[in-house]
Amino acid sequence: MIAQIGLSILLGGILLYAWTEWPRAPAIGSVAMLATAAGLYFVWLPSHASWLAAEVGIGRGVDLVLYIWVIISLLVMLNLHLKLRSQMELITVLMRNVAIAEARSADVEQASV
Amino acid sequence: MSADRNKSVWVVVAAYHEAPVIGRVVADLLRHRYAVVVVDDGSTDDTGQMARAAGAKVITHAVNLGQGAALQTGIQFAVSKDADYIVTFDADGQHRASDIETLIESLRTQHVDFALGSRFLGDAPAMPLARRALLKAATWFTRRATGLQLTDTHNGLRAMTRRGASHIALRQNRMAHASELLHQIACSRLGYVEVPVTIEYSAYSLAKGQRLSDSLRILVDLSAQRLQR
């Protein structure tokens, strides 16, 4: 029971994170929310995980839960990658504006000489 | 085309470590009386000084951001200078400045907003077979992704009207900008035309050209952008 509560808190945190990321990266947010919801479901109903694992040919329910955890981890990593890309876009815009402003001020200086 | 009309044409050259050739490229463009802006994309060699000495307006990125970022900077600057026509031109000397006139005339006479150079409609002597195969594969992919019926999707020689330029906002800093630009042309629903141009390959330009690994990186960049808003 303690493990279930601990895992549920962790997964709940990830679910909240995925929900907050959804507006920026809808595809990643949606899949992460689905995977996390599935994780929460199987934490409280492990027998269903065993049944589904047998149905899809994974073998044990615990392996299915492990796979879901790996999927969630990969999605979080992908989301971090997208965040870095967004930061790079902001840096690019900033650097572009600085470069153009410098070029314009050089033009003004040249004209005034 | 008269010299006065050429003054409303701004040629944007994105340059990174092009000191050996940039002076000649700029001089050739200025001979045709085009306004030239070179975006020195964080080069640590003398690219900026050589371009300035040759007579170009030089904008400098403090660090290397990539060709797509440099082109967008140049396009934005040209628009702010009231350019009527904006041309993108590679810095490695593989394009002919004389082809620009054909592109601009196509914009004027066919009343379209984009004129895209095609080496497959024109000429590309000394193009290696591997490069040809890579470009054909890229063209096949981009045609399916954008719906534009083009023969050469990665040609750096393009011309656009001021209105066309206002629809271009490149977010892909590196080589994926070529596909992104075509995607934005398709989304703008503005008219476009392909124009035959000549690409003159040299040992220098081939050494700087794209490789298979770049194609994979382009695919990753384009896929990542699809996942973002």
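Listing for the model above:
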quantity: So A:Ile91, is it over 14 Å from A:Ile14 (Cβ atoms) and at pLDDT 90 or above; calculated: yes
quantity: Test set (1) closer than 29 Å to B:Leu227 by Cα; (2) hydrophobic (A, V, I, L, M, F, W, C); (3) more than 8 Å from every other protein chain (Cβ to nearest Cβ) - A:Ala106 fails condition number; calculated: (1)
quantity: Residues of segment B:1-33 that turn out to be among the aromatic types (Phe, Trp, Tyr) and either modelled with pLDDT under 95 or surrounded by 24 or more Cβ atoms within 10 Å (Cβ to Cβ) (or both), as a count; calculated: 1
quantity: Check on B:Arg217, part of a loop (DSSP other than H, G, I, E, B), within 14 Å of another protein chain (Cβ to nearest Cβ) and out of contact with any strand residue (DSSP E or B) (no Cβ under 7 Å at 6 or more places or on another chain); calculated: no
quantity: Matching residues, segment B:161-205, being within 14 Å of chain A (Cβ to nearest Cβ) and at pLDDT 90 or above; calculated: B:Ile168, B:Ala169, B:Leu170, B:Arg171, B:Gln172, B:Asn173, B:His177, B:Glu180
quantity: Pair list, Cβ under 8 Å, 6 or more apart: segment B:198-220 residue over 15 Å from B:Ala130 (Cβ atoms), other residue surrounded by 15 or more Cβ atoms within 10 Å (Cβ to Cβ) and modelled with pLDDT under 75; calculated: none
quantity: Among (1) modelled with pLDDT under 90; (2) within 14 Å of chain B (Cβ to nearest Cβ); (3) in a helix (DSSP H, G or I); (4) within 25 Å of the chain's Cα centre (by Cα), the one test that A:Pro23 misses; calculated: (3)
quantity: Test: A:Leu74 is aliphatic (A, V, I, L, M), touching a residue at least 40 places away in the same chain (Cβ under 8 Å) and under 29 Å from B:Ala224 (Cβ atoms); calculated: no
quantity: Any hit, segment B:161-170, residues being in contact with a Leu (Cβ under 9 Å, 6 or more places away or on another chain), surrounded by fewer than 19 Cβ atoms within 10 Å (Cβ to Cβ) and assigned to a helix (DSSP H, G or I); calculated: yes
quantity: Hits in segment B:171-195 (condition: over 20 Å from B:Leu71 (Cα atoms) and surrounded by fewer than 16 Cβ atoms within 10 Å (Cβ to Cβ)); calculated: B:Arg189, B:Gly191
quantity: Any chance A:Ser30 is buried (at least 16 other Cβ atoms within 10 Å of the Cβ), polar (S, T, N, Q) and touching a helix residue (DSSP H, G or I) at 6+ places or on another chain (Cβ under 9 Å); calculated: no
quantity: Test result for B:Ala51, over 16 Å from the mean Cα position of the chain (by Cα) and crowded, with 24+ Cβ neighbours inside 10 Å; calculated: yes
quantity: Residues within segment B:68-113 that are polar (S, T, N, Q), surrounded by fewer than 24 Cβ atoms within 10 Å (Cβ to Cβ) and within 14 Å of another protein chain (Cβ to nearest Cβ), tallied; calculated: 2
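For every residue, the table says whether it meets (1) touching a residue at least 24 places away in the same chain (Cβ under 8 Å); (2) farther than 27 Å from B:Ala124 by Cα.
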{"position": "B:Val12", "(1), (2)": "yes, no"}
{"position": "B:Ala27", "(1), (2)": "yes, no"}
{"position": "B:Arg31", "(1), (2)": "yes, no"}
{"position": "B:Lys57", "(1), (2)": "no, yes"}
{"position": "B:Ser80", "(1), (2)": "no, yes"}
{"position": "B:Asp84", "(1), (2)": "yes, yes"}
{"position": "B:Gln94", "(1), (2)": "yes, no"}
{"position": "B:Ser106", "(1), (2)": "yes, no"}
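The values are calculated or read from the model by the stated rules, or taken from the named source; none is laboratory data. Since we're looking at a predicted model, the values are computed, not measured. All Cβ positions, glycine included, derive from the backbone under ideal geometry; neighbour counts span all protein chains shown.
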